[in-house]
Amino acid sequence: MLFRLFAATEMLVTKVLSVPIPASPSAMLLGWRLEDHDAEKGWVRIAFEGRRDFLNPAGFVQGGFLSAMLDDCMGPAVWIMTGGELYTATINMTVSFLAPASPGLLFGEGQVIQLGKSIAFLEARLVDPNDQLLARASASARLLAAKRAIAG
């Protein structure tokens, strides 16, 4: 497995990308790590760390953190599909929580369903290491020119 850190402002990945994905403090907090991707299909697989700091009183990862993980799968799917040309700003996101998420390693998959001129339709799913489906999301996102959207 190939691990490569592109720069302090870019994410740790396990597969070489044609264009690196910009890092964010929120992604770092979630333990974001690109595991796999298919640019042609607009698909990504991302690993997250469900930290003990994220637990609710019942001992499971709180839904807001799971929602953030799902959101942080969909944007990178667009980024990779467009070769880093487009950045997404989520317009709306609907999340269904299907099973409690225990702390530890979690995996998300993001998929571009339709890429328009100004709006993208996206889906994501979050599973545990046993591939049990924990949550699903669908979203629409505004498409922005990455050079203008990302400070740097």
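Sparse packing (at most 13 other Cβ atoms within 10 Å of the Cβ) combined with a DSSP loop state is found for the following trypsin sites (Lys or Arg not before Pro) in region 74-145: Lys117. Amide hydrogen proximity for Ile119: with H placed 1.01 Å from N in the peptide plane, the residues at 5 or more positions away or on another chain lying under 5 Å are Leu143. Legend: ranking of residues Thr82, Thr88 from fewest to most surrounding C-beta atoms inside 10 Å; resulting order Thr82, Thr88.
Between the Cα long axis of helix 63-81 and the first principal axis of the chain there is an angle of about 30°, rounded to the nearest 10.
Amide H of Ile21: which non-local residues (sequence gap of 5 or more, or other chain) have their own amide H closer than 5 Å, using H built in the peptide plane? HN-HN under 5 Å from Ile21: Met11. Once Kirkwood radius over Cα pairs in Å is calculated for the structure shown, the corresponding label among (1) 21.3; (2) 15.4; (3) 16.7 turns out to be (2). Taking amide H as placed 1.01 Å from N in the peptide plane, the amide H of Gly104 sits under 5 Å from that of Gly50, Arg51, each at least 5 places away or on another chain.
As a rough footprinting exposure proxy, the listed residues Ile21, Ile113 were ranked by other beta carbons within 10 Å of their own, and the order from fewest upward is Ile113, Ile21.
In sequence order, region 35-42 has phi-based couplings of 9, 7, 7, 9, 4, 4, 8, x Hz under the Karplus curve 6.51 cos²θ - 1.76 cosθ + 1.60, θ = phi - 60°, and Gly or Pro positions carry x.
Computed from the coordinates by the stated procedures, all read-outs in this text should not be read as laboratory data. Just so we're clear, the structure is a prediction, and the values are computed from it rather than from any experiment. With ideal geometry, Cβ positions are generated from the backbone for all residues, glycine too; neighbour counts draw on all protein chains shown.
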